[in-house]
1. I need the per residue convex hull volume for segment 1-64, using only the alpha carbons, in cubic angstrom as a whole number.
2. In whole Hz, what ³J(HN,Hα) sequence does segment 29-35 give by Karplus (6.51, -1.76, 1.60; θ = phi - 60°), x for Gly and Pro?
3. Give me the distance in nm between label points sitting 7 Å out from Cα along the Cα-to-Cβ direction at I61 and A91, one decimal.
4. Placing unit charges on C-beta atoms (Lys and Arg positive, Asp and Glu negative, everything else neutral), compute the dipole magnitude of segment 1-106 about its Cα centre in debye, rounded to 20.
5. What is the Cα centroid distance between segment 137-158 and segment 43-121, reported in whole angstrom?
6. Please turn the phi angles of segment 52-67 into ³J(HN,Hα) values with the Karplus equation 6.51 cos²θ - 1.76 cosθ + 1.60 (θ = phi - 60°), one per residue in order, whole Hz, x for glycine and proline.
7. Express the relative contact order of the chain as a whole percentage, based on alpha carbon pairs under 8 Å and six or more residues apart in sequence.
8. No solvent, one uniform scatterer per C-alpha: report log10 I(q)/I(0) for segment 1-119 via the Debye equation at q = 0.17 1/Å, two decimals.
Amino acid sequence: MAESDSKVVLIIDDDEVFRRSLCRAFSSRGWEAHAAESAEPSLALAREHAPELAIVDLRLIGESGLDVVKALRDNDSTTRILMLTGYGSIATALEAVRIGADHYLSKPVDVDQILAAYDAICARSPMVPATTVPTLARVEWEHIQRVLTDCGGNVSQASKLLGLHRRSLQRKLTKYPPGL
C-alpha cells in the first residue's frame, strides 16, 4: 500500500474526461487514485502502487481491457478488478470474470455504484464465486442489443432478423435494460 493509510485505486480508461472525473471522485472519498489510458502505463502503476481496486474499461484504444485484466490478475492476485463497459453483454461479462475480473458493470456508472460493487466483492468469501444468473428479460435485451449493433443500428433490418415487428422492437428498445 502507499505511504498513507488510504486505499489505492487504479483507473484504466481511454476516455480522459471519465478517467479524471473518477479520479476526483475517489480522491474526495479518501482514496489514492491513479489513472492510465492503456495497458503498459497501467501495469507499471499497478506494480508501483499495489492497488486494492483496479477499474478497467473493456475497450481501450488499440487493445482490449480483457488483456489488461489478465495482466493485472497475473501481477497481483489480491487486487479487486472491476470491468466497466458501455457495450455490455453477458458473453463479455462471463469472459471477464473467467479471466480474473471480480465484478462487471455497464456504463454509465458513478463512483457510488463502483464503491457498492467493491464493498460487495470484499464482503464475499474469496472461495464463493459470483454466480448471478441473468433474468430471461436481461438475456433477451442483450440479444436484441447485439443484433442491433450487428445491423449498424438499423431497426428495420434488426426486426427482420429477430422476427419481430419493427414497432414491437422499437418499444423494447425504449425500455431500460432489465437488471441481472
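1. Numbers: hull volume 4.4 nm³, N = 64.
In segment 1-64, the Cα convex hull volume per residue is 68 Å³.
2. 9, x, 8, 8, 9, 10, 9
3. It is 2.8 nm.
4. Dipole magnitude for segment 1-106 comes out near 300 debye.
5. 25
6. 6, 9, 10, 10, 10, 7, 5, 10, 10, 5, x, 7, 9, x, 4, 5
7. Computed value for the chain: 15 percent relative contact order.
8. -0.74
Throughout, read-outs are computed from the coordinates displayed, never taken from laboratory work. Being a predicted model, the structure only gives us computed values, none of them experimental. Using ideal geometry, Cβ is built from the backbone for each residue, glycine included, and neighbour counts are taken over all protein chains shown.
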